[in-house]
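The structure appears below as structure tokens.
The values are calculated or read from the model by the stated rules, or taken from the named source; none is laboratory data. Remember, predicted model here, so these are calculated numbers, not experimental data. Note: ideal-geometry Cβ built from the backbone for every residue, glycine included; neighbour counts use all protein chains shown. Just the protein is used for accessible areas: all its heavy atoms, side chains included, with ligands, DNA and RNA removed. Shrake-Rupley method; radii C 1.70, N 1.55, O 1.52, S 1.80 Å.
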Amino acid sequence: MTASIENTAHGHDYPPSYFAATAHAAPFRPALEGVKQVDVCVIGGGFTGLSAALHGAERGLSCVLLESRRIGWGASGMNSGQVMAGWTRASRSLVHQLGAARARQLFELAAEAVAQLWLRIGRHGIDCDARKGHLIAAATPQDMAMLEAEAECREGVMGYGYSRFVDRKAAVRLTGSESFHGGLLDAEGGHVHPLNLALGLARAAELAGARLHEGSRVIRVRARGARMLVETMRGKVLARHVVVAGGAQSGRLLERVKRRTEALSVFAAATEPLPADVAATLVKDGLAVCDTRMAANSFHMTPDRRLVFGGGERFRLDPEETPESIVRPRLEAVYPQLKGVRLDHGWSGLVTVTSSRMPAIGREGQIYYAAGYSGQGVAQALLAGGVIAEAIGGDTRRFDLISQLPNLAVPGGRWLRLPIFAAIGALAALREVH
Ligand SMILES: Cc1cc2nc3c(=O)[nH]c(=O)nc-3n(C[C@H](O)[C@H](O)[C@H](O)COP(=O)(O)OP(=O)(O)OC[C@H]3O[C@@H](n4cnc5c(N)ncnc54)[C@H](O)[C@@H]3O)c2cc1C
């Protein structure tokens, strides 16, 4: 299916990607006009904002969501769709840092986020090519020890019974690639069509009573008496609470997010539809796979037999590079049989990362925020929106647990911050391996 007229109308086209080209038709939701008074004003129509609006409306709060372009326009509509259990950090390093009891509580929260995602897809009848089954594949023999330790920690300390360690033979069979040395297979992880998931969540939020406005860029947020005043070019919202869910742009709205997160470009591509005999040599059982490289490769097959392959990250873009020039060598290294395959779609988007690779979720007065899922936002953003709505509704238990995650504000101007973020990320990864 190609993008519908509605999906490309009103001067707010979706950025090109395989997912934009195969999205369901979605109505353009009119821009905010005039003045509205609500309990909650959500800024941003990605997974974080949609989840906050959906959960808020289900709790009986009046919610307005303002999206500057289209629902799912940002990372949420173009990501590789991989759903993973746990956090971006190794479980063992969380235990080391926080102690077993708190680490387990956090892991349970992340596991519940994944379970809730599948439940929501079923409950709201969201047609988003959802498939369960995820493999983290070891890219080097040394990474096997890390994955084995992760499997043991998940089972022994976190009480998580869905993932198991698999050997090289199994990893090669499951991926159809000789380049892996084993892996961690998770029955609860999987993959989705992210833009169709976002559109389905938007519909569910509206059915629950939330009002969604596209083409409604928030230009200012400030206190007005006991309420917050949120302004777009053509309208205003007076709200008891504001949720800043602007993804990579959140830092422009809130200094606290700016200090704790950094945006990073990541890349993805989708091949031409592959002949059935070629597709049969690739990843099996509808699995989603990501590997243990520092800038991980991730891939899965689509229903129309394309390989969606994500890989490569840059803090700064080199003008000579394109998504295809970055993704192709990685794809062909994993699957030499696809050398020279046509890439019908190539795209890049921004992910926000934190120094600790744990999300930055918190509150500043009446303003709540969540960002920095460090590449694992499909499940975590849905979780974050949900716990923020719970906190606004008066139950702060899960919000308190997750908002107290250690995340350092990183000092320095932009040119100093980028290497610091990169260095912290690399060190964190090294610490986890040894
Ligand atoms: C190429 C790519 C691949 C990825 N792969 C994966 C993956 O496989 N698995 C995974 O878990 N995660 C993945 N991620 C990360 C994941 O997509 C994000 O963590 C997640 O979608 C973040 O959701 P969000 O709602 O916080 O932000 P976004 O989806 O970026 O949404 C923010 C929205 O806010 C809007 N906005 C911003 N400023 C304003 C304003 N002033 N007024 C109104 N609206 C505003 C934007 O237009 C945007 O639509 C990937 C990301 C990318 C880019």
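Structure summary
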item: Charge context of Val38, other residues only, Cβ under 9 angstrom, K/R +1, D/E -1; result: +2
item: Relative packing of peptides 78-87, 393-402 - highest average C-beta neighbours within 10 Å first; result: 78-87, 393-402
item: Of Ser177, Ser216, Ser76, the one that fluctuates the most in a GNM where the chain has Cα springs shorter than 10 Å; result: Ser177
item: Cα convex hull of the chain, projected area averaged across orientations, nm²; result: 19.6 nm²
item: Mean projected area in nm² (Cα convex hull; one quarter of hull surface) for segment 94-234; result: 13.4 nm²
item: P(r) tail fraction, segment 235-297 - alpha-carbon pairs more than 18 Å apart, %; result: 65 percent
item: Sites Glu148 and Asp344, calculated FRET efficiency, Cβ-Cβ separation with R0 41 Å, nearest 0.05; result: 0.60
item: Residues of type lysines that Lys236 reaches as a straight line, Cα spacing below 22 Å, ignoring anything fewer than 8 places off in the same chain; result: Lys36
item: log₁₀ of I(q)/I(0) at q = 0.09, 0.14 Å⁻¹ - segment 35-170, Debye sum with one point per alpha carbon; result: -0.39, -0.84
item: Fully extended contour minus Cα-Cα distance, from Glu320 to Arg240, at 0.36 nm per residue; result: 24.1 nm
item: Per residue accessible area in Å² of the chain, where ligands, DNA and RNA are left out and the probe is 1.4 Å; result: 41 Å²
item: Packing-based ranking, highest mean first, of 344-355, 197-208 given that Cβ atoms within 10 Å are counted; result: 197-208, 344-355
item: Mean separation of Cα contacts under 8 Å, 6 or more apart, over the residue count of the chain: relative contact order %; result: 23 percent
item: Segment 239-359: projected area of the alpha-carbon convex hull, averaged over directions, in nm²; result: 10.2 nm²
item: Förster radius 51 Å - calculated FRET efficiency between Ala223 and Gln105, Cβ distance, rounded to 0.05; result: 0.90
item: Inverse of mean 1/r across different Cα pairs in segment 86-130, Kirkwood, Å; result: 11.8 Å
item: Span-like helix ranges in the chain, DSSP H, alpha carbon extent 27 angstrom or more, Kyte mean at least -1.0; result: 100-123, 414-433
item: Pairs of Cα atoms farther than 17 Å apart, segment 163-278, %; result: 77 percent
item: 19 Å cut-off, amide nitrogen to a point 7 angstrom out along Arg123 Cα→Cβ, residues in segment 374-389; result: 378-389
item: Cα-projected label distance for Gln337 with Glu255, points at 7 Å along beta-carbon direction, nm; result: 5.7 nm
item: Positive-pole candidate from Ile392, Ser355, Leu197, dipole of the chain, charges at beta carbon; result: Ile392
item: Ordering of 371-382, 315-326 by burial proxy (mean other Cβ atoms within 10 Å per residue, highest first); result: 371-382, 315-326
item: P(r) histogram, all alpha-carbon pairs of segment 155-197 included - 10 Å bins from 0, percent; result: 25, 37, 30, 8
item: Net dipole in debye of the chain [+1 Lys, Arg Cβ; -1 Asp, Glu Cβ; about Cα centre; nearest 20]; result: 1320 debye
item: Segment 173-257 - charge dipole about Cα centre, Lys and Arg +1 at Cβ, Asp and Glu -1, debye rounded to 20; result: 860 debye
